[in-house]
Amino acid sequence: MSPALSRRRAVAVVAAVLALGVAAGLMWFKPWTYVTDTEVDEPLSTIATAPASPAAPGASAAPSPAGPTLVSQGEFVGQEFDTSGTARIVRKVDGRYRLELVGLDTTNGPDLRVWLTDQPVRPGPGSRGFDDGRWVEVGRLKGNLGNQAYDIPAGTDLTGLTSVSLWCKRFTISFGAAPLRATV
């Protein structure tokens, strides 16, 4: 085999390895997700207000509201990326719970999940501790813009779950998070 043929084969092997490396890197990092938006516009709950209390002295407590009730809510803060909107937990008439993201605006990214967690929310980069404590994944993030709703799995103990994180499982970072404050 001539030296020129040997060099061509070596160059071809190196080029093939580089091409495979670039393809693998693109599939892992998915850089196009950071520059594309996915808007979601799901219907949100109309929150019921409690009926007026009975006027008669000694009357029993007011009946339960006729529709979904707001359990807790909070405003998103940016962590690794600018994030805004509201997270709220709603108790539906049938007793089940639902997490709603209202007016969400964040950066898109690979492998984003929606987590309820027991970790405190700290604004700014470096917020990696949401997987250190107790967390419940309610689903993959449906879109980085708009309104969306997630059913909270039946039997989930919401006690102590005080925040919502938009968690990137691939890179173990939080894009943004919202502290949840009880409203009832």
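Just so it is clear, none of the values below were taken in a lab; they were calculated from the coordinates. All values derive from a computational prediction rather than experimental measurement. Positions of Cβ are generated from backbone atoms using ideal geometry, with glycine treated the same way; all protein chains shown enter the neighbour counts.
Before moving on, here are some points about what is shown:
- Theoretical gain in end-to-end length, residue 170 to residue 38 [0.36 nm per residue, Cα-Cα removed]: 45.6 nm
- Segment residue 2..residue 122, full-extension length gain: 36.8 nm, with 0.36 nm per residue of separation and the alpha-carbon distance subtracted.
- Residues listed by number, segment 144-177, amide nitrogen under 13 Å from residue 131 label point at 7 Å toward C-beta: 167-175
- Assuming charge only on the beta carbon of Lys and Arg (+1) and of Asp and Glu (-1), the dipole of segment 136-184 about its Cα centre is about 220 debye to the nearest 20.
- Alpha-carbon centroid distance for the pair segment 162-184 / segment 75-120, whole angstrom: 6 Å
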